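Okay, structure first, notes after.
Coordinate-derived values only; no laboratory data. All figures in this text were calculated on a predicted structure; none of them were measured in a lab. So basically every Cβ, Gly included, is an ideal-geometry build from the backbone, and we count neighbours across all protein chains shown.
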């Protein structure tokens, strides 16, 4: 008998040789029908693998990422079989699962493939899937593997030659065989819907000196309705693309002359940024933060001391050499070394702590041009950075206060669906991190305890820590169900050590402070990009550059529209007036396109009764009301969305 431990901690005894799928059926027949893959003792295995030792078993369904990965990896096999059958003589290279779907790289030889062929590939894949063929793994010797591919596929021969004998496995289904490490769904019949998304060129081994292969991208689902929903969300994502909306709403632009990845903020975008900054500064002031300002560059030695040069040197802009011999500066990749120097500029007592230094500091990273993407991946970005220097005894309460601040930011901006991710070290790769393992353990435990005490829905992710310390990342789902990392809090025992930071304790001895790094927005650029896509440009009313626009029916009522505009501005409502000699219909259409939350129309009736006609963005008609009533409506909406924060 063997003992199987399930994720809930329960232990079940079974006869040696039982499979994960049989365990799933023992739990529930209904559950077993949804099981796609399994992990035993932290190793991905097939659902038909025999279990012969005690261990921990995790069963994955479509709801988990590992389940999707197995589903899409298996679908790549089906795609490969379809391509072999439709295009005789093609040579396969590799076909992994990716974040959304899968791809396969193939040498098509004399064949060509374009969008007009997608339909026939999809039909062939579904025809194969309907056969309900089991995925079966088998071990082969290196000699057997080479013999199978020799003379037929030089790409697979190259792959096999790089593998050790005794570690090579093939996966079979139907008439198809592929070199594969494993991790499949039980059978092809689980795949009910497929879509070929695109084709692209891909150099063999990613080397432009090698032959260019054809990369076929696809996605698949266990239900047809899932595919329909995915394609709908894809279209919605195109409409909400922050690059498109940023241009339409005149928020930001880029210039080749200024340089790739360096955004230029237009007046409306600058006003939006300023409003976000003031929102956070106000909350930070209540929470006891002090604003500081640091330069955009620093001596190279500063970042060598902090460890950033060793970790980010390759991704940074090259050093700036001055006329002085041996003097080198860097565009700063991080704000924290500068804040450490601010802390060390004067002596501190335990009575002075915590010290909370905050800055909207611009940093620079030399991202590869192929990785740049609108505002979400740029070379110059502004972090809403702050660093808290506290005693070890203050760490727990300070960390929890930062959690409160992050939750306030999310609540005020409409991000309600999120989970917390505790990012810890990968103990198998200690070279990735700096500092004392004892301090790492303290920091990791402090974050986990704070997340528990605050009642956060959290997961622990191994290997996702920063190089100098563990962190709590907030993974937010947007209106389209996409997950984004927004807001981070990090505990750091290492930089205080590297910069020899101290405070005098109650025992009159010198002690090391603990450092908390935090950025609720993360970076202004990326945050605004995600907020744009989440809201579709319909920001919360308190954040909108203009909250209303006044449209005069004709030039005759321009004077009254200006009077209305002045009254709104006196009540701190941001508004514009459109008194152009255009039809009211055209003005309304343009106001809708520009996403003004409230459209105010004035004409003869409104002037006579000293009222305004109001409609909301989207077409809801609020009728004819007084300006004072409109002021109340606006204030009430702002109060509903802008949460209160007491620090």
>> What is the angle, in °, between the Cα long axis of helix 395-412 and the longest principal axis of the Cα atoms in the chain? Nearest 10 is fine, range 0 to 90.
In response: 70 degrees
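Can you put 255, 624 in order, fewest other beta carbons within 10 Å first? Please report the intermediate quantities before stating the final value.
Numbers: 255 10, 624 14.
The fewest-first ordering by Cβ neighbours comes to 255, 624.
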> Using Cα atoms only, what is the angle between the long axis of helix 524-535 and the major principal axis of the chain, expressed in degrees (0 to 90) to the nearest 10?
Replying inline: 80 degrees
>> Could you tell me how far the Cα centroid of region 183-255 sits from the Cα centroid of region 488-525, in Å?
In response: 42 Å
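For residue 327 and residue 165 in one chain, what is 0.36 nm times their gap in residues minus the Cα-Cα distance, to one decimal in nm?
Working: separation 162, 0.36 × 162 = 58.32 nm, distance 5.32 nm.
That pair, residue 327 and residue 165, stretches by 53.0 nm at full extension.
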>> Distance between the C-alpha centers of region 321-341 and region 379-450? Whole Å please.
In response: 26 Å
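Dividing the alpha-carbon radius of gyration of region 548-641 by 2.2 N^0.38 Å (N being the number of residues), what value is obtained? Spell out each step's value before the answer.
Details: Rg = 12.2 Å, N = 94, 2.2 N^0.38 = 12.4 Å.
So the Cα radius of gyration is 0.99 times the expected 2.2 N^0.38 Å.
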>> For region 2-61, I need the span (max minus min coordinate) of the C-alpha atoms along each principal axis, in Å, sorted largest to smallest.
In response: 25, 20, 19
> Just the Cα atoms of region 66-236: what Rg and Dmax do they give in Å?
Replying inline: 15.8, 51
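With a 10 Å Cβ neighbour count serving as the proxy for reagent exposure, in which order, fewest first, do 86, 565 appear?
Ordered from fewest to most neighbouring Cβ atoms within 10 Å, 86, 565 come out as 86, 565.
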>> In Å and on Cα atoms, what radius of gyration and Dmax does region 252-535 show?
In response: 18.8, 59
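Treat region 476-525 as a sphere of radius equal to its Kirkwood radius over Cα pairs and apply Stokes-Einstein at 20 °C in a medium of 1.002 mPa s; give the translational diffusion coefficient in µm²/s, rounded to a whole number. Could the numbers behind the result be given before it?
On the way: Rh = 13.7 Å.
After rounding, the answer is 157 µm²/s.
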> On a 0 to 90 degree scale, rounded to 10, what angle separates helix 118-129 from the longest Cα axis of the chain?
Replying inline: 50 degrees
> Which value results for Rg/Rh of region 344-404 when Rg is the Cα radius of gyration and Rh the Kirkwood radius based on the inverse mean 1/r?
Replying inline: 1.16
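Need one word for region 562-609: rounded, prolate or oblate. Basis is the Cα gyration tensor (sqrt eigenvalues a ≥ b ≥ c); a/c below 1.5 gives rounded, then a/b vs b/c decides.
Working: a/c = 2.10, a/b = 1.16, b/c = 1.80.
Oblate shape, in that a/c is at least 1.5 and b/c is the bigger or equal ratio.
For region 1-116, how big is the tail of P(r) above 22 Å, as a whole percent of Cα pairs?
Numbers: 3013 of 6670 pairs.
Above the 22 Å cut-off, region 1-116 has 45 percent of its Cα pairs.
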> What whole number of Å gives the distance from the Cα centroid of region 295-313 to the Cα centroid of region 82-133?
Replying inline: 48 Å
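What FRET efficiency, computed as 1/(1 + (r/R0)^6) with R0 = 56 Å and r the Cβ-Cβ distance, is obtained for residue 63 and residue 590, rounded to the nearest 0.05? Intermediate results must be reported in sequence, preceding the final value.
Numbers: r = 44 Å, r/R0 = 0.79.
With R0 = 56 Å, the Cβ-Cβ based efficiency is 0.80.
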>> Once R0 is set to 35 Å, what does the formula 1/(1 + (r/R0)^6) return for the Cβ-Cβ distance between residue 366 and residue 344, expressed as a FRET efficiency to the nearest 0.05?
In response: 0.80
> If contacts are Cα pairs under 8 angstrom and at least 6 residues apart, what is the relative contact order of region 66-236 in percent?
Replying inline: 26 percent
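Could you list 491, 23 in order of exposure, starting from the residue whose Cβ has the fewest other Cβ atoms within 10 Å? Present the calculation step by step, with values, prior to reporting the outcome.
Details: 491 29, 23 21.
Fewest to most other Cβ atoms nearby, the residues stand as 23, 491.
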